[in-house]
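Taken together, the values in this text are just the output of simple stated rules run on the coordinates, not laboratory data. From a predicted model like this one, the values you see are computed outputs, not experimental measurements. Cβ atoms come from the backbone with ideal geometry, glycine included; neighbour counts cover every protein chain shown.
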Amino acid sequence: MKLNDLPTFNDALHREKADPDFREEWDRAAFAREIAVRVIGYRAARGLTQTDLAKMIGMQQSVIARLEGGEQAPSLATLARITAGTGVEFHFDVRHGTVAFSSSAPPEERR
């Protein structure tokens, strides 16, 4: 199979979302994925390793790895430690049983 024959990520995701179980899990992990994208973006923009970032915020590297995995939403205490150590801000709304970001500015623009 040639690379050009492979579906794009969006095509594959669209196909997978037709499965109700997949869609439920995808929606459940949306907030955690958003945090992961922001943490990875912050770290990559500054050329930091997970260990470097962990030291900045006083955590273990394994915590950063779990955050970047995007499977489990972090606690408010963890988010507070991230903001204290990096200056990154998180703005989100909690309503109608969901958590969503209210600000979409990337982490590199927040410092």
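Would you work out the charge dipole size for the range 23-76 about its Cα centre, treating the Cβ of every Lys and Arg as +1 and the Cβ of every Asp and Glu as -1, and quote it to the nearest 20 debye?
220 debye
Please give the residues of the range 38-58, grouped as numeric ranges, whose backbone N is less than 19 Å from a label point set 7 Å along the Cα-to-Cβ vector of residue 66.
Flagged as within label range: 38-40, 50-58.
For 15, 66, 38, which order do you get if you count the other beta carbons within 10 Å of each Cβ and list the fewest first?
Ascending Cβ contact count within 10 Å gives the list 15, 66, 38.
Considering the options 62, 9, 30, tell which one lies farthest towards the positive end of the dipole of the chain, charges being +1 on Lys and Arg and -1 on Asp and Glu at the Cβ, about the Cα centre.
62
Taking 0.36 nm per intervening residue step and subtracting the Cα-Cα distance, what contour gain separates residue 11 from residue 100 on full extension?
Extra length from residue 11 to residue 100 when fully extended: 29.6 nm.
About its Cα centre, how strong a charge dipole does the chain have in debye, to the nearest 20, once Lys and Arg get +1 and Asp and Glu get -1 at the Cβ?
Roughly 440 debye for the chain.
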